[in-house]
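> Supplied in structure tokens, the structure appears directly below.
The values are calculated or read from the model by the stated rules, or taken from the named source; none is laboratory data. Remember, it's a predicted structure, so these values are computed and weren't measured experimentally. A quick note on method: Cβ atoms are made from the backbone with ideal geometry, for glycine too, and the neighbour counts reach across all protein chains shown.
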Amino acid sequence: MSASAHVGSPVRIRLLTHADLPRVMQIENDSFSVPWSATTFQGLLRRSDADMIAAEREDRLVGYAIAWTVIDQAEIGNVAIDRAARGGGMGRLLVESMVERLRLRGVRECFLEVRESNTVAQELYRSCGFEAVGRRRGYYNEPVEDALVMRLRLAETA
Ligand SMILES: CC(C)(COP(=O)(O)OP(=O)(O)OC[C@H]1O[C@@H](n2cnc3c(N)ncnc32)[C@H](O)[C@@H]1OP(=O)(O)O)[C@@H](O)C(=O)NCCC(=O)NCCS
């Protein structure tokens, strides 16, 4: 897989591997107040229903996206870009690449949760076709905050 974001050197989208975990944990710990553990990533790497992709620029991992699928419904569980590389189109590239992978799996609907205050991520998801369809009250900690539930219907965008 390869593609390009809108600024800088070419970006390669590839599968995430166990060897990426130290770098993934750097980005994860810097990106979230309640980061996933390395054990969570390791567990997902063993699951055949999980899609885990990385964005790489100049041989350095700069972001990742993770989803899992149950029958024809998927959930995007994690998307993060290295702070220094944000705003360069890589978040969009990862989400669009993930949606394409999910489409090939036969997914018809994709869901995700996002902090109510995370308007940057919400804009990204909206621009990729997601719409807000619900709210989970007090879903997040540190700080406690509602999640917006967003959905993309892939069957309609095919
Ligand atoms: C959310 C995140 C993944 C976006 O990645 P990114 O590479 O910076 O995003 P992109 O450059 O691809 O931008 C995609 C869209 O997001 C929105 N966006 C990006 N930066 C923005 C900003 N500073 N303000 C408002 N909207 C912004 C825009 O809609 C943008 O589309 P445009 O370039 O056509 O205007 C990144 O900011 C991140 O890792 N944040 C911390 C972790 C996180 O919040 N993950 C999501 C959890 S649900």
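> Looking only at the stretch 105-119, which residues are closer than 18 Å to G129 by Cβ and outside any loop (DSSP other than H, G, I, E, B)?
Hits for the stretch 105-119 are R105, E109, C110, F111, L112, E113, V114, T119.
> Also, quick follow-up: How many residues, within the stretch 59-85, are within 16 Å of the ligand (Cβ to nearest atom) and either over 16 Å from the mean Cα position of the chain (by Cα) or among the polar types (S, T, N, Q) (or both)?
3
Residue-wise test of (1) more than 22 Å from V149 (Cα to Cα); (2) at pLDDT 95 or above; (3) part of a strand (DSSP E or B).
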residue: Q26; (1), (2), (3): yes, yes, no
residue: S33; (1), (2), (3): no, yes, no
residue: F41; (1), (2), (3): yes, yes, no
residue: E56; (1), (2), (3): yes, yes, yes
residue: L61; (1), (2), (3): yes, yes, yes
residue: W68; (1), (2), (3): no, yes, yes
residue: A84; (1), (2), (3): yes, yes, no
residue: V95; (1), (2), (3): no, yes, no
residue: R103; (1), (2), (3): no, yes, no
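> May I ask you to verify whether G63 is surrounded by 17 or more Cβ atoms within 10 Å (Cβ to Cβ), more than 21 Å from S31 (Cα to Cα) and of a type in the set (G, A, S)?
Answer is no for this residue.
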